[in-house]
Amino acid sequence: MISADFARRFVDQWVADWNAHDLEGLLDHYTDDVVFTSPLAERFLPGSGGVARGKEALRTYWTAGLAALPDLHFEVLDHYVGASTIVIRYRNQNGGVVCEVLEFDGEFVRRGHGTYLAA
């Protein structure tokens, strides 16, 4: 069960790591066998179908993403807590609102989903 206190600490560290472009700090929160989906992943992991499987694939995806978006910056708008899930709703550097759905195994993310407003 995820506590409100754990969720607040996690979200605060998550946004600090993204805004510092601290890739290793971010990856420390994920299991080695994490599965992360995002419509943007296909651009940086061709042939993946938008799915990064494992921490090394996530590292490759996020390394390319950070290189392509040197002005990347997030502002957390809200976060939501479930039994084993945290949803982070944030605004990115382009003003777009995104939700990240993170499923936990203990204190580590085992599945994640970047979700974007449908056009």
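The values are calculated or read from the model by the stated rules, or taken from the named source; none is laboratory data. Fair warning: this is a prediction, and the values are worked out from it, not measured in the lab. With ideal geometry, Cβ positions are generated from the backbone for all residues, glycine too; neighbour counts draw on all protein chains shown.
Consider Ala57 carefully, then state whether it is among the small types (Gly, Ala, Ser), modelled with pLDDT of 95 or more and under 24 Å from Leu117 (Cβ atoms). It is false that Ala57 is among the small types (Gly, Ala, Ser), modelled with pLDDT of 95 or more and under 24 Å from Leu117 (Cβ atoms). Looking only at residues of the range 15-49 that are under 15 Å from His113 (Cα atoms) and among the β-branched types (Val, Ile, Thr), we find that the one that is nearest to the chain's Cα centre (by Cα) is Thr37.
Within the range 1-45, if we keep just the residues that are surrounded by 15 or more Cβ atoms within 10 Å (Cβ to Cβ) and among the aromatic types (Phe, Trp, Tyr), the residue that is farthest from Leu102 (Cα to Cα) turns out to be Phe44. Looking at the range 52-65, is at least one residue under 13 Å from the mean Cα position of the chain (by Cα) and among the charged types (D, E, K, R)? There is at least one residue in the range 52-65 that is under 13 Å from the mean Cα position of the chain (by Cα) and among the charged types (D, E, K, R). The set of residues from the range 80-119 being among the small types (Gly, Ala, Ser) and in a loop (DSSP other than H, G, I, E, B) comprises Gly82, Ala83, Ser84, Gly95, Gly96, Gly106, Ala118, Ala119.
For the residues Phe36, Phe10, the requirement of being touching a residue at least 40 places away in the same chain (Cβ under 8 Å) and out of contact with any Leu (no Cβ under 6 Å at 6 or more places or on another chain) singles out Phe10.
Quick grid of which residues meet (1) under 20 Å from Phe10 (Cα atoms); (2) among the charged types (D, E, K, R); (3) surrounded by 17 or more Cβ atoms within 10 Å (Cβ to Cβ); (4) modelled with pLDDT under 95:
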{"site": "Gly47", "(1), (2), (3), (4)": "no, no, no, yes"}
{"site": "Ala52", "(1), (2), (3), (4)": "no, no, yes, no"}
{"site": "Leu69", "(1), (2), (3), (4)": "no, no, no, yes"}
{"site": "Asp78", "(1), (2), (3), (4)": "yes, yes, no, no"}
{"site": "Asn92", "(1), (2), (3), (4)": "yes, no, no, no"}
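Taking first residues from the range 54-67 that are more than 10 Å from Ala41 (Cα to Cα) and partners that are aromatic (Phe, Trp, Tyr) and at pLDDT 95 or above, the Cβ contacts under 6 Å between residues at least 6 apart in sequence or on separate chains come to Lys55/Tyr30.
Counting only helices (runs of 4 or more DSSP H) wholly contained in the range 1-79, the ones carrying 2 or more residues that are in contact with a His (Cβ under 8 Å, 6 or more places away or on another chain) and under 21 Å from Gln93 (Cα atoms) occupy 4-19. Scanning the range 82-99 for residues that are closer than 30 Å to Asp71 by Cβ and touching a residue at least 40 places away in the same chain (Cβ under 8 Å) yields Thr85, Ile86, Ile88, Tyr90.
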